[in-house]
1. List the trypsin sites (Lys or Arg not before Pro) within segment 190-250 that fall in a DSSP loop (any state other than H, G, I, E or B) and whose Cβ has at most 15 other Cβ atoms within 10 Å.
2. Please label the shape of segment 303-477 as rounded, prolate or oblate, based on the square roots a ≥ b ≥ c of the eigenvalues of the alpha-carbon gyration tensor (a/c under 1.5 means rounded; beyond that, a/b larger than b/c means prolate, else oblate).
3. Which entry in [x] 0.94; [y] 0.97; [z] 1.00 matches Rg/Rh (Cα atoms, Kirkwood Rh) derived from the coordinates of this structure?
4. If amide hydrogens are placed 1.01 Å from N in the peptide plane, which non-local residues have theirs closer than 5 Å to the one on H274?
5. Return the long-range amide H neighbours of I206 (sequence gap of 5 or more, or a different chain), with a cut-off of under 5 Å between placed amide H atoms.
6. To the nearest 20 debye, what is the magnitude of the charge dipole of segment 2-299 about its Cα centre, counting +1 on the Cβ of each Lys and Arg and -1 on the Cβ of each Asp and Glu?
7. Let me see the pair-distance distribution of segment 89-134: every alpha carbon pair, 5 Å bin width, integer percents in order.
8. Taking every pair of alpha-carbon atoms in segment 1-139, what share in percent sits in each 5 Å bin, from 0 to the bin with the longest distance?
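Throughout, read-outs are computed from the coordinates displayed, never taken from laboratory work. For clarity, every value in this text was computed on a predicted model and none was experimentally measured. Note that we place each Cβ from the backbone using ideal geometry, even for glycine, and neighbour counts take in every protein chain shown.
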Amino acid sequence: MYSGSGFSNWEIGDVDVFIDEIGVHHLFHLIIPNHDYIAHAISNDGLSWKRVKNALWVGEPGEWDDDMLWTMHISKNFEGEGYEMYYTGLKRRDKGIKQQIGRAVSLDLIHWTKENKYGLPFKSQAPYYENSKNNPREWLSFRDPFKYQFEGEDYLLICARSAIGPTYRRGCIGVAKRESNGFILQKPLHISYVYDDVECPSVVEINGIHYLLGSIREDIKIRYWFASEFKGEYHAFHDNVLLPQGNYAARIVKEGNHFLIYNFYFVGGNVNTHRVIPPPKQLDVDDNGRLLLKTYHYWETLYQKTISQQDFPIPMAILGNPTANLTFVDKNKWQCSCRSGYEVFCFEKPANDFVWEGTLTVEGMGKTGFVIECDGDGTGYYISIDFVNGFVQFRAWGFNEKDVKNNFIFENIQTNQFEILENKQIHFKIIRYGNYYELSINEIVKLTLLDFKYNDGKIGVYVCSAIISLSDSRIHVIPEPENEYATSNPDEI
């Protein structure tokens, strides 16, 4: 994982990742709140990162980007050799009102030179987009470029604003096509008629379907739309959330046969709190053409040891509920029950960092889920699995020693939905990697977040007026995450 570590620990802004010819992941990201340069880090695995030479700095006074640098996208140079970066720039004289798109080039992804040919930089213009005369907000959204090549021609997707519509619903995904004389704005690729802005847009084609991704400020989620053609009419499924709340600024990069999705995460749901770049996830589609997330394939290469359920420590009922009971049905199946109230069945985890997978089944009614970092009083993280309504929640729940009048913590950190099966059974996979937590249900990632409240404790399951079984589970021990903040030589990776 990766995080800033300077005066503040929330300096990471929007991200982009490029994977070079030898498989090195190159992470580029903004530095906030100053936005004065674009930082660069590299990784061999997409998990552990090292900072290298900063990619780009704001321009000299009087230049078009002398105030701030905003979101960028890196790709191979359309002219043949090296790479190009399209990025957003602001000028001091404009006082942040106008955002423009410019370009830089590099032969090695390390050393970058600004090179604004082909009509660059360019800005938001009529008739399709807001301009200085049609600007009800008094600042023009025109940022976050994403280059996409379709049928041999280059396009830039842009976070833009439609020229018409209610002020707070004009956010759209703009598009410009590269012509011989520069990039020419075309009508918006998609207008949702819902959001103020659709930030960090990107597009990917999977199985003949084009999927648009955008980050939404209103609810801090990443959503998507689909169309049968790149310039077709885009639609939304009944649930078009790809990444749940707290995840933002997602970008897609191809790695072999995989489509990886990177983003940053707001710890605590506040933009001015700790920001971390979590491990990537993989994009896939289901039989109905809906996008879904799969666990990053690289995790399996990190397994140091695998422990079967029959070799787990014996779980203990920590709350002392007299109506609770634990039965060992066979060596790889436990039955946990509690007729009235809650009970938590916990055992010592074999390592701080692990992947725990298995089958959880509910028999009859009641509540259940998992606990992580749970102490002897039941304080820890609770992953609630609602088998009736299809909701999964990650919450911090426990004792609050700082307030005797409200001596509890009960914070829902992240919520998502999952598809209910008639047999009330799921295959789960829980990843604990430092302070990163990921839950997959039936091979689909549903929770992906970071939190720093609890760092030590037991793991297990909880039940409330329910009978559940945990079966065929195993824990894979993985190494602790490496955190590198210092500048490093790219030749050393």
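1. Here the trypsin sites (Lys or Arg not before Pro) that fit, given the DSSP loop and packing criteria, are R217, K231.
2. rounded
3. Identified label for the calculated read-out: [z].
4. V267
5. Those qualifying (amide H under 5 Å, at least 5 residues apart or on another chain) are Y211.
6. Here the size comes out at about 720 debye.
7. Going from the shortest bin to the longest, the percentages are 5, 18, 19, 22, 17, 10, 6, 3, 0.
8. In order of increasing distance, the bins hold 2, 10, 18, 21, 18, 15, 9, 5, 2, 0 percent.
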